[in-house]
1. List the pairs from 18/228; 169/191; 76/230; 207/243 whose alpha-carbon separation is above 26 Å, in the order I gave them.
2. For residue 102 and residue 243, what is the calculated FRET efficiency with R₀ set at 22 Å and r taken between the beta-carbons, to the nearest 0.05?
3. What does the extension gain come out to for residue 21 and residue 274, with contour length at 0.36 nm per residue minus their alpha carbon separation?
4. With +1 on the Cβ of every Lys and Arg and -1 on the Cβ of every Asp and Glu, and nothing else charged, how large is the dipole of the chain about its Cα centre, in debye rounded to the nearest 20?
5. Determine, for each peptide in 225-231, 105-111, the mean count of other beta carbons within 10 angstrom over its residues, then list the peptides with the highest first.
6. How much accessible area per residue does the stretch 146-267 have, in Å², with a 1.4 Å probe?
7. Say we join alpha carbon atoms closer than 10 Å with springs in a Gaussian network model of the chain; which of 24, 99, 189 then has the biggest fluctuation?
8. Rounded to the nearest 0.05, what FRET efficiency do residue 81 and residue 177 give with R0 = 30 Å and r taken as the Cβ-Cβ distance? Could you check?
Amino acid sequence: MYNKLYISKVDEVYAHIKCENSDAMELNEYFTFYVPGYKFMPAFRNKVWDGKIRLFNSQNRQIYYGLIPYLEKFAKEREYEIEFDESVETYDEFSVAEAKDFIDTLGIPFEVRDYQIDAFIHAVRSRRNLLVSPTASGKSLIIYLIARYLNCKTLIIVPTISLVAQLYKDFADYGFESDKYIHQIMSGASKETDCPIVISTWQSIYKLHSQYFAQYGCIIGDEAHLFKAKSLTDIMTRSRDIKYRFGLTGTLDGTQTHRLVLEGLFGKVKNIITTKELMDNKTLAKLDI
């Protein structure tokens, strides 16, 4: 019998792979990695854990939805046939002209950089991705463009209270009525709101259940390299119904495990611009958080 993988969508977090048992074993091996520093972790030293992370569950045949490109790579390398159920979506159409016309309607009081427009277009087209762009590249403006265009209830997660306030201010500086349309979750503030945009630290919401996250249509994680922490991955995996999911970060730590977890949660990495390019262009984007 020839090897074939049949991929279907479970929800916005997981995909299911229908395959032979032998193929499942091979997938399990392909998507298993040692965690960096595992030898020094108590669970490994106490012999209750083997130091590995397994991104493919060979029992229920599920894998992070964001790792579908790696499934395609796996199949191509082995000359396996791969078939996708109609539930597995393709990219959305969104032209450069449409993006620029939309940006013009926002009345932003300065010029949006070309690489910021490119990041915005890529995000809308792909519905999920991990955008890598350095400090001073204007990640907050990219977040703003995404949130305004998608026009659905959006949860933006940042690592600190100061960044909640900063992003709120940045949106106001872009011409948005932050006081009317943004709810900040910090310092004991209510988790419930009718505002279309919610900015929160992850510490404020990580104990909430999946029912809470079901109200959102988009989730954006700033400083996404921190999302390898268990509490943050729990938030992302509880967000099973959120169609649009984007991570933004200035850095990845270089380990394959870290990158694959982030791509599994958010989507494939898209490098926006480098620090060297910013310096060469003498560009420092305004109002970066």
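The values are calculated or read from the model by the stated rules, or taken from the named source; none is laboratory data. Bear in mind the structure is a predicted one, so any value in this text is a computation, not a measurement. Backbone-built Cβ (ideal geometry, glycine too); neighbour counts: all protein chains shown. Accessible surface is based on the protein model in full, side chains and every heavy atom, while ligands, DNA and RNA are left aside. Shrake-Rupley method; radii C 1.70, N 1.55, O 1.52, S 1.80 Å.
1. 18/228; 76/230
2. Efficiency computed from Cβ-Cβ geometry: 0.70.
3. 86.7 nm
4. My answer is approximately 1060 debye.
5. 225-231, 105-111
6. I get 41 Å² per residue for this part.
7. Most flexible of the set in this elastic network: 189.
8. On the way: r = 52 Å, r/R0 = 1.75.
Efficiency for this residue pair is about 0.05.
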